[in-house]
Amino acid sequence: MAKLEILEFPDPRLRTVARPVETVDDGLRGLIDDMIETMYEADGIGLAATQVNVHKRLLVLDISPERDQPMVFINPEVEPLTDEREGYEEGCLSVPGFHERVERPARVRVRALDRDGQPFEMEADGLLAVCLQHEIDHLNGRLFVDHISRLKRSRIRKKLEKVHRQGVSA
């Protein structure tokens, strides 16, 4: 397994809309394993393929307390099940060091394929619903900073650009 490089905001590749996965094979399962390892090593609870510069509709997540129950969603589709919205402090491996409150539908249904290409459907609320919506946003070229004010987004962008400049020149 290989730890993958996680793209960081404002990298324009994070804005790429992912294409549907056509074939679930050993190559894709290898990518899934690498993404899970990368997510764990980065101390994240979710990772979309877009974040590792693979523009396929694929995401992994694990919200279990023991961090031993990874979930795989291939070609996920999300549907809000309520008009009620809940706010959570969201962070992101692609926006390191920043957390902002984001309002999202409180309950959703997701349809996807598992790591073997078998279709499944599930309903989610709480942290699982937030994570699914957050990661599916990545597959659509969106980040959680798109859900906050322009001023806050600009401030975050400038701080991360400064960090990246300092990292390159160091």
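Details
- Taking the stretch 1-20 as the range and being within 13 Å of M35 (Cβ to Cβ) and surrounded by fewer than 18 Cβ atoms within 10 Å (Cβ to Cβ) as the test, the residues that pass are M1, A2, K3, E5.
- Residues within the stretch 12-25 that are out of contact with any His (no Cβ under 9 Å at 6 or more places or on another chain) and in a helix (DSSP H, G or I), tallied: 2
- Residues in the stretch 134-146 that are of a type outside the set (V, I, T) and under 8 Å from the mean Cα position of the chain (by Cα): H134, E135, D137, H138, L139.
- Options V17, V24, V60, V52; residue that is more than 12 Å from the chain's Cα centre (by Cα) and within 15 Å of E135 (Cβ to Cβ): V17
- Within the stretch 26-68, tally of residues that are in a strand (DSSP E or B) and open to solvent by less than 50 Å² (accessible area, probe 1.4 Å): 7
- Which listed residue is assigned to a helix (DSSP H, G or I), open to solvent by 50 Å² or more (accessible area, probe 1.4 Å) and of a type in the set (V, I, T), from V163, V130, V145: V163
- Answer residue from the stretch 75-123, given it is within 18 Å of the chain's Cα centre (by Cα) and assigned to a loop (DSSP other than H, G, I, E, B) and is surrounded by the most Cβ atoms within 10 Å (Cβ to Cβ) among those: S94
- Hey, D137 exposed (fewer than 15 other Cβ atoms within 10 Å of the Cβ), touching a helix residue (DSSP H, G or I) at 6+ places or on another chain (Cβ under 9 Å) and closer than 29 Å to R29 by Cβ or not: no
- Being in contact with a Cys (Cβ under 6 Å, 6 or more places away or on another chain) and not aromatic (F, W, Y) is a description that does not apply to G91.
The values are calculated or read from the model by the stated rules, or taken from the named source; none is laboratory data. Since the model is a prediction, treat every value here as computed from it, not as a measurement. All Cβ positions, glycine included, derive from the backbone under ideal geometry; neighbour counts span all protein chains shown. When the accessible area is computed, the model is the full protein with side chains, heavy atoms only, and any ligands, DNA or RNA have been set aside. Shrake-Rupley method; radii C 1.70, N 1.55, O 1.52, S 1.80 Å.
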